[in-house]
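The values are calculated or read from the model by the stated rules, or taken from the named source; none is laboratory data. Quick caveat, the model's predicted, so the values are computed rather than measured. When we count neighbours, we look across all protein chains shown, and the Cβ atoms used for this are built from the backbone with ideal geometry, even at glycine. SASA here: full protein model, heavy atoms, side chains in, ligands and nucleic acids out. Shrake-Rupley method; radii C 1.70, N 1.55, O 1.52, S 1.80 Å.
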Amino acid sequence: MHSLQEKLAASRQFLTSLAARHNPARIAVAWTAGKDSTVVLDLWREVLGGPVTAINLDTGCKFPEILALRDRLAVEWGVTLHVARPLLEDIPAGIADDKLACCGALKVRPLRRTMAELGIEVLLTGIRADENPSRTDLSHLEDRQGYTQANPILDWTEMDVWAHTTTRALPYCTLYDQGYRSLGCMPCTTRVAGEGQGERDGRDQEKEARMAELRALGYF
């Protein structure tokens, strides 16, 4: 078991190596404004020592609190923010009726379209191996058919993220103080009800069970 300081040093070194191998202008953070990707955004800003590029997926179903934090923090941190939205013709008639089709339309296609428009080669995510069984076998670098996905905090735990957030006094969404532990779209996210439940037990469980299928479609 590595300490948070060891994990932090490894994440910084990983990001530093990416900045050396790729044009930083072709690297973007997949920033949801949730706790995990905000940590990644902060680390990437630290490594670059200047402005960074972030892509946010606005499905039209996000919590207003998370959007408010996104917009405020983008200004405060000087983030070059690109908001990816679905095309009107892609929006399904029944949001979340078909989980795979919904995520494909509202998240995957807008992400790939925006990345192509910006010429992004590397996408930094805040995903962690302990969040979902389908993520336990992931590597820090993944070929995602057209771009490289980089997972700098893959080995971190939920407690690591909160410890770092507290130490660095990073801003976070107020919904976490109201019983939410993982923030997705409103139709697929609830508070975690009680003790003994997992971090993503507030997420739609059908979708969680089909995470491997979603990843095959391009979901990160």
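General observations
- With a cut-off of 11 Å between beta carbons, the residues surrounding T165 carry a summed charge of -2, where Lys and Arg count +1 and Asp and Glu -1.
- Listed residues A163, A20, A96, most fluctuating in the chain (Gaussian network, C-alpha, under 10 Å): A20
- Scanning the chain for cysteines with no neighbouring cysteine C-beta under 4.7 angstrom from their C-beta gives C102, C103, C173, C188.
- Among the lysines of segment 1-159, pairs that are 8 or more positions apart or on different chains and have alpha carbons within less than 21 Å of each other number 6.
- Of all the options G196, G60, G184, the one that moves most in a Gaussian network model of the chain with Cα springs shorter than 10 angstrom is G196.
- At a probe radius of 1.4 angstrom, the accessible area of segment 22-152 per residue rounds to 41 square angstrom.
- The magnitude of the dipole of segment 1-124, with charges of +1 and -1 set on the Cβ of Lys/Arg and Asp/Glu and taken from the Cα centre, is near 240 debye.
- Here the simple spin-label model places points 7 Å from the Cα toward Cβ, and for A216 and D58 these points are separated by 3.3 nm.
- The chain - percent of accessible surface contributed by carbon and sulfur, probe 1.4 Å: 53
- For segment 124-153 versus segment 66-109, the gap between their alpha-carbon centres in whole angstrom: 20
- Net charge dipole, segment 62-175: roughly 300 debye, given to the nearest 20, about the Cα centre with Cβ charges of +1 for Lys and Arg and -1 for Asp and Glu.
- For segment 55-164, the square roots a ≥ b ≥ c of the C-alpha gyration tensor eigenvalues yield an a/c under 1.5, which makes the shape rounded.
- Only helical runs count toward this figure. For the chain, summing -39,500 (n - 2.57) over DSSP H runs of n ≥ 4 and dividing by all residues gives -11000 deg cm²/dmol at 222 nm.
- Label-point separation, L170 to E6 (7 Å along Cα→Cβ), nm: 2.1
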